[in-house]
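**Student:** Provided herewith is a single structure, encoded as structure tokens, for subsequent inquiry.
The values are calculated or read from the model by the stated rules, or taken from the named source; none is laboratory data. Keep in mind that what you see is a predicted model, and the values were worked out from it rather than measured. Virtual Cβ from ideal backbone geometry, glycine too; neighbours counted across all protein chains shown.
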Amino acid sequence: MSVPYVSSKSLWIGFDNVRSVTLKMQFLKEHGYGGVIIWSFDLDDKIGDICNEGPFPLFNAAKRELLILPDHLANMNKKCLDDNSTFSIDYLHSQSLLTTMSEINNRNNDYIKVELVTKLLKHFLPDDKSTRLSSDMVKLFTELIFTFINQAFIRTIHQASSEGTIQVDIQHLEKILMQ
């Protein structure tokens, strides 16, 4: 068993550490799963003084591993193109889109991150006032959302490329979400 646990004759308690979370993320990627839910981030070592692996070691282990493309995706686009073929993504040259992407990718722009996550949380969480998230949790959720968006974008481009098309459409995104 690759997951840490303690047991007695009548009790079994499983838990996670950096290694087990990394192995679980590798399993997800190897089997083509589209995402992960981890319960619960509030039990992660927030400051990093208990595990001595930095703040939020479990979340960061999951994020690090999920940012590594699996071999079957990383090697998909290595075929040589004909000398006469042209690949262009014209819509990415839009100044407003580039500005927006730059603002979103700017990790120092906490306003955009907090505003985005606040809107998402208001949409998905009830108006129950007992539901309170710390700013650290909002930042973690934001990082998770951006990691998912980044991976979805990369995999959608790979999907379109594997079909031999130069234009990425919503159908390519739908195909990777169904995997």
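**Student:** Can you run down the residue pairs with Cβ atoms below 8 Å, 6 or more apart or on separate chains, where the first is in the stretch 33-44 and closer than 19 Å to P55 by Cβ and the partner is not in a helix (DSSP H, G or I)?
**Tutor:** Within 8 Å, the pairs are F41/F56; D44/F56.
**Student:** Search the stretch 133-147 for residues that are under 13 Å from K63 (Cα atoms) and polar (S, T, N, Q) and pair each with any residue that is crowded, with 17+ Cβ neighbours inside 10 Å and at pLDDT 70 or above when their beta-carbon atoms are under 7 Å apart and the residues are at least 6 apart or on different chains.
**Tutor:** Every condition considered, the pairs that remain are T147/K63; T147/L66.
**Student:** Kindly indicate whether K24 is closer than 16 Å to K63 by Cβ and out of contact with any strand residue (DSSP E or B) (no Cβ under 6 Å at 6 or more places or on another chain).
**Tutor:** yes
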